[in-house]
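To start, the structure under review is shown below, and the notes come after it.
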Amino acid sequence: GLMRPLREQKKRCAMARIRYSAVDGNERKDDGWLLYIKPICTGNEPPDVETYHRSHLDFPHQSTSNQWFDESQTESYRMLGLTTIEDICGHWKDGSPEEKDGSLEDFFRHIQTTYLGANTENEADAAPLDLRANPRPTEPSRAA
């Protein structure tokens with residue numbers, strides 16, 4: 001599914017489909033998307049971020065109990081954030097205008113297909129996010 005690359009620390013985000021249509025019964029509702037971005041070091045960070053990571057093994061998941069960040073810590077988090085967003089969104093602006101309309105749907109389609117490399121129709125539907133508190137069991141189909 002779409003969570004595997006994040007768990008394996010190969011990608012910096014994961015996506016899930018929120019099936020509002022399954023929750024709201026007969027009402028026609030559009031499904032939504034959840035984009036989860038996680039700060040991780042994948043090996044393509046700038047040299048100063050890699051250096052900071054080597055000397056602080058808990059980076060980028062350091063405790064926030066100490067709010068007195070020094071300059072190198074602040075800059076390392078800032079650069080990791082910038083690198084993360086550039087990795088995820090970097091090629092969204094590339095391509096022909098006919099392929100991209102700048103909408104939120106287009107953005108999610110880009111992340112899913114270009115960044116995560118998933119088949120839009122199959123992989124996203126394979127592991128939907130089920131928001132129902134008590135999912136209804138599916139009824140077996142009855143032959144007429």
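Observations on the structure shown:
- When the range 70-102 is limited to residues that are in contact with a helix residue (DSSP H, G or I) (Cβ under 6 Å, 6 or more places away or on another chain) and at pLDDT below 85, the one that is surrounded by the fewest Cβ atoms within 10 Å (Cβ to Cβ) turns out to be His91.
- Taking the criterion of being surrounded by 10 or more Cβ atoms within 10 Å (Cβ to Cβ) and either of a type in the set (Gly, Ala, Ser) or more than 19 Å from Asn44 (Cβ to Cβ) (or both), the residues of the range 56-69 that qualify are Gln62, Phe69.
- Here Gly25 qualifies as out of contact with any strand residue (DSSP E or B) (no Cβ under 6 Å at 6 or more places or on another chain) and either assigned to a helix (DSSP H, G or I) or modelled with pLDDT under 85 (or both).
The values are calculated or read from the model by the stated rules, or taken from the named source; none is laboratory data. As the structure is a prediction and not an experimental result, all values here were calculated from the model. So basically every Cβ, Gly included, is an ideal-geometry build from the backbone, and we count neighbours across all protein chains shown.
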